[in-house]
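Peer 1: Sharing a structure below in structure tokens format, with a few things to ask.
The values are calculated or read from the model by the stated rules, or taken from the named source; none is laboratory data. Just so it is clear, the model here is predicted, and its values are computed rather than measured. No Cβ is skipped: glycine too gets one built from the backbone with ideal geometry, and neighbour counts run over all protein chains shown.
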Protein chains: 2
Amino acid sequence: MDLDFIKKLTKPSDTKIVLLVMDGLGGLPRKQDNLTELEAARTPFLDSLATKSICGLQQPVASGITPGSGPGHLSLFGYNPIKYQVGRGVLSAIGINFDLKSNDLAARGNFCTVDNNGLVVDRRAGRIPTEKNKELCNILRNIEIPDVEFFIETVKEYRFSLVLRGEGLSGNLIDTDPQMLGKKPLQPKGLSPETEKTVRIVSNFIEQTSELLKDQDLANMVLLRGFSKKSNWPTMKDVFGLNCAAIAAYPMYRGLAKLLGMGILETGQEVKDEFNTLSDNWSKYDFFYLHIKKSDSAGEDGNFDEKVARIEEVDEQIPRLLDLYPDVVIVTGDHSTPSLMKYHSWHPVPVLLYSKYCRADRVEKFGERACITGGLGPRFLAEDLLPLALANAKRLEKFGA
Amino acid sequence: MDLDFIKKLTKPSDTKIVLLVMDGLGGLPRKQDNLTELEAARTPFLDSLATKSICGLQQPVASGITPGSGPGHLSLFGYNPIKYQVGRGVLSAIGINFDLKSNDLAARGNFCTVDNNGLVVDRRAGRIPTEKNKELCNILRNIEIPDVEFFIETVKEYRFSLVLRGEGLSGNLIDTDPQMLGKKPLQPKGLSPETEKTVRIVSNFIEQTSELLKDQDLANMVLLRGFSKKSNWPTMKDVFGLNCAAIAAYPMYRGLAKLLGMGILETGQEVKDEFNTLSDNWSKYDFFYLHIKKSDSAGEDGNFDEKVARIEEVDEQIPRLLDLYPDVVIVTGDHSTPSLMKYHSWHPVPVLLYSKYCRADRVEKFGERACITGGLGPRFLAEDLLPLALANAKRLEKFGA
């Protein structure tokens, strides 16, 4: 939905909305009993909530499109995920909780291996351990480049994040990763005239890097991808009039929430920790985004039973959530991650929306196939969920006379 | 879906997709038992496939819009049928298998009858027999026009196809058909300056035609409509990375497929011939479009039982299709043609999509009403079917990080 359109309709209220995101929630049926992870899970509290809710399946982007975590979440937050795209460099930086400023230019980096002729022979430098990565980042911090400050931070194994800070930087650069073996890393190259300064700086950084790493066994070069800056998007407060808080154990989801101006709440690593944080901060915000990572991780590992267990763990916390008397509750995922596929997928994600005014349908079980006949339909556009939540929270005016 | 968006996400694979189009598949219930043609048909193989598929009803253009064969097919091929419109002159030419070149200008022609004052008294010249049409076309081939080559070809009864070949022709002309009786045929007229040459040529053609036909009883004049050129659209190979083949007994459908760069396979007139052609060429392509005409013809004739029989004839071939182990199968129609209406209609068309990853719903019968509760929903946009097929064939990358 157009943000300017919805913004004009918002009105203040003291109602509270909870968006509970079980990452990678949607699945595919296993052979033995033709049940998906969510269908196989014992979820008495979610089923009971579904009975009082309007249910359906939501599509984060479009039919057949498999969303990354960025688009999957932006659509849940009401932002069109094709219009509002997070650059890969930015996502990498916020994923390690780097405090990215407006004009910072971020890139994803790989340590890689090149041979004597400078040709890439391993794009991941033999997946060096994270400790080695930290050591190499320390070496590279000795680089000096005029006119610019830079930050190089370990992500994991061969991956790092590079942030350049200075005036007049542009993200309109090609990746230096040739994406195949036996080729030289590509020279930094701008795609528009205003990139001249940035190209000079990045080239300088790479030359010095090459020199500093030349005696390393495996990680003797770097590849840079996804140059991008943080966009100046309207915040959720601007658009929807909501004081928003994010409760997420993983830094990347906190980073995404921060991009939209949400407050970030300290929390623990366990599911129950996140619900504790919710209770503790209940009076302070209008909108709570609560992110559960482990359902996705289990799906990515292809571990059906583990995903079932993680869903059941969330189910147990539902009574605590309802005891807070939220005005609107949405339970869904940012995309599907079927254990069968061990990867994000395009399949629509089960969703329920509960409120006193939701007009419950006949769905009595929270699951992929039960939700098909729900009132939201089997292909509800994810970015319309937030406006619907606002309506149910009596936070939207009538449109037109 | 935007073709540039989807193009960026495609990736190569060795998977195979079959799109089986039963022309005019959707229907309306007859009185005696309240069953549609597809519901009345005995289709054990399609029902069994539906049980393993995700099902629904698809809409070729939009609610309430009755599609012609052009839009009905373009949307199934993933092209927005409002953005990508085939000119009527072009459709007429490709419908008789005319080998239209990039710069050719095509028009639909009618032989008509004018009175002594030149006023149209019959827009179809008494529906002269096709043989007479051929004789008249032979006469008109004596016309000579400077700067241009032309082709005049019989279509059927009073209808012919006119193609002009030369430099600098434009299709931005009004029709010469006044669309009512008692008026003179309209003078060729351009709608923009670059049409000057074309107007001169068409006027010249009409003057000579009028002279050559003046002594004919019925067909003593012509009306021209739908001036158009073949568009330079991106091919399905360009956009989706698919090597496509079309198997269709009727020339117009081969022509449509050719517009999108599909390979055209020789086949016979019977349903089983088309499935033979599919088997024989299985190793050579990624995507097969298989078109069955007879379901539509029966609908247009208002012959309910005949349409049922033609659907059952296709059902019998389904095991042969599945024996090829296609990765993705779509079965649907390009529009509905209810026998009750004897014409194309706006009603959504039953559709099933089968793949190992389709997430089957609870639909166990392939029919209009059974498909309403399918996972694709009762109004799935037809142009999203191809992206969904690509996803199921593992031919799409994740969108965003």
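Peer 1: Please tell me if A:Thr209 is touching a Ser or Thr at 6+ places or on another chain (Cβ under 8 Å), of a type in the set (Ser, Thr, Tyr) and outside any loop (DSSP other than H, G, I, E, B).
Peer 2: Against the criterion (touching a Ser or Thr at 6+ places or on another chain (Cβ under 8 Å), of a type in the set (Ser, Thr, Tyr) and outside any loop (DSSP other than H, G, I, E, B)), A:Thr209 does not qualify.
Peer 1: Give the number of residues within the stretch B:160-180 that are part of a loop (DSSP other than H, G, I, E, B), of a type in the set (A, V, I, L, M) and within 24 Å of the chain's Cα centre (by Cα).
Peer 2: Of the residues in the stretch B:160-180, the ones part of a loop (DSSP other than H, G, I, E, B) are B:166-172, B:174-180.
Filter once more, keeping what is of a type in the set (A, V, I, L, M): B:169, B:174, B:180.
Narrowing further to those that are within 24 Å of the chain's Cα centre (by Cα): B:174.
Count: 1.
Peer 1: Every residue in the stretch B:219-247 that is hydrophobic (A, V, I, L, M, F, W, C) and modelled with pLDDT under 95, please.
Peer 2: Taking the stretch B:219-247 as the starting set, the residues that turn out to be hydrophobic (A, V, I, L, M, F, W, C) are B:219, B:221-224, B:227, B:233, B:236, B:239-240, B:242, B:244-247.
Across the stretch B:219-247, the qualifying residue is only B:Trp233.
Peer 1: Another question, if that's okay. Right, B:Asp23: of a type outside the set (Val, Ile, Thr) and surrounded by fewer than 23 Cβ atoms within 10 Å (Cβ to Cβ) or not? Write out each step before concluding.
Peer 2: Details: of a type outside the set (Val, Ile, Thr): yes; surrounded by fewer than 23 Cβ atoms within 10 Å (Cβ to Cβ): no.
So B:Asp23 does not fit the description; no.
Peer 1: Can I ask one more? For the stretch B:42-62, does any single residue satisfy the condition of being out of contact with any Lys or Arg (no Cβ under 6 Å at 6 or more places or on another chain) and over 29 Å from B:Val271 (Cβ atoms)?
Peer 2: Within the stretch B:42-62, one or more residues are out of contact with any Lys or Arg (no Cβ under 6 Å at 6 or more places or on another chain) and over 29 Å from B:Val271 (Cβ atoms).
Peer 1: Filter the stretch A:66-81 down to residues that are under 14 Å from A:Ala389 (Cα atoms) and among the small types (Gly, Ala, Ser) and give me whichever is farthest from the other protein chains (Cβ to nearest Cβ).
Peer 2: A:Gly78
Peer 1: Residues in the stretch B:257-284 that are surrounded by 20 or more Cβ atoms within 10 Å (Cβ to Cβ) and among the hydroxyl-bearing types (Ser, Thr, Tyr): how many?
Peer 2: Count: 2.
Peer 1: Quick test for you: out of A:Leu35, A:Leu46, A:Leu19, pick the one residue that is among the hydrophobic types (A, V, I, L, M, F, W, C) and closer than 21 Å to A:Pro387 by Cα. Working first, answer last.
Peer 2: Working: A:Leu35 fails: closer than 21 Å to A:Pro387 by Cα; A:Leu46 fails: closer than 21 Å to A:Pro387 by Cα.
Just a single option satisfies the conditions, and that option is A:Leu19.
Peer 1: Identify all residues within the stretch B:194-225 that are closer than 30 Å to B:Leu74 by Cα and surrounded by fewer than 21 Cβ atoms within 10 Å (Cβ to Cβ); write none if there are none.
Peer 2: Across the stretch B:194-225, the qualifying residues are B:Glu194, B:Arg225.
Peer 1: Let me ask something else about it. What tally of residues in the stretch B:1-54 results from selecting those that are within 27 Å of B:Leu74 (Cα to Cα), more than 14 Å from chain A (Cβ to nearest Cβ), over 25 Å from the mean Cα position of the chain (by Cα) and of a type in the set (A, V, I, L, M)?
Peer 2: Summing the residues that are within 27 Å of B:Leu74 (Cα to Cα), more than 14 Å from chain A (Cβ to nearest Cβ), over 25 Å from the mean Cα position of the chain (by Cα) and of a type in the set (A, V, I, L, M) in the stretch B:1-54 gives 2.
Peer 1: Evaluate the following for A:His335: is it over 18 Å from A:Ile54 (Cα atoms), out of contact with any helix residue (DSSP H, G or I) (no Cβ under 8 Å at 6 or more places or on another chain) and modelled with pLDDT of 95 or more? Steps first, please.
Peer 2: Working: over 18 Å from A:Ile54 (Cα atoms): yes; out of contact with any helix residue (DSSP H, G or I) (no Cβ under 8 Å at 6 or more places or on another chain): no; modelled with pLDDT of 95 or more: yes.
Criteria not met by A:His335.
Peer 1: Follow-up. For the stretch B:325-401, list the strands (runs of 3 or more DSSP E) that sit wholly inside it and hold at least 3 residues that are facing chain A (nearest Cβ under 9 Å) and farther than 30 Å from A:Arg108 by Cβ; which are they? Give the derivation first.
Peer 2: Details: elements: B:328-332, B:349-355, B:377-381.
The qualifying strands (runs of 3 or more DSSP E) are B:377-381.
Peer 1: Here's a follow-up. If I go through the stretch A:368-383 residue by residue, how many of them are surrounded by 24 or more Cβ atoms within 10 Å (Cβ to Cβ) and in contact with a helix residue (DSSP H, G or I) (Cβ under 7 Å, 6 or more places away or on another chain)?
Peer 2: 5
Peer 1: Go over the candidates A:Lys307, A:Lys342, A:Lys365 one by one and state the one that is assigned by TED's automatic domain parsing to the domain that holds A:Ile247 and surrounded by 19 or more Cβ atoms within 10 Å (Cβ to Cβ). Please lay out each step first, then the result.
Peer 2: Values: A:Lys342 fails: surrounded by 19 or more Cβ atoms within 10 Å (Cβ to Cβ); A:Lys365 fails: surrounded by 19 or more Cβ atoms within 10 Å (Cβ to Cβ).
The conditions single out A:Lys307.
Peer 1: Scanning for something outside the structural domain of B:Arg127 (by TED's automatic domain parsing), in contact with an Asp or Glu (Cβ under 7 Å, 6 or more places away or on another chain) and more than 30 Å from B:Phe5 (Cβ to Cβ), does the stretch B:178-195 turn up at least one residue?
Peer 2: Within the stretch B:178-195, none of the residues are outside the structural domain of B:Arg127 (by TED's automatic domain parsing), in contact with an Asp or Glu (Cβ under 7 Å, 6 or more places away or on another chain) and more than 30 Å from B:Phe5 (Cβ to Cβ).
Peer 1: Scan (1) small (Gly, Ala, Ser); (2) touching a strand residue (DSSP E or B) at 6+ places or on another chain (Cβ under 6 Å); (3) under 30 Å from B:Thr235 (Cβ atoms) for the single condition B:Ala125 breaks and write down its number.
Peer 2: (3)
Peer 1: Do any helices (runs of 4 or more DSSP H) entirely within the stretch A:48-159 hold 3 or more residues that are buried (at least 22 other Cβ atoms within 10 Å of the Cβ) and of a type in the set (A, V, I, L, M, F, W, C), and if so, which? Full working, then the answer.
Peer 2: Values: elements: A:69-76, A:88-95, A:130-140.
Here the list reads A:88-95.
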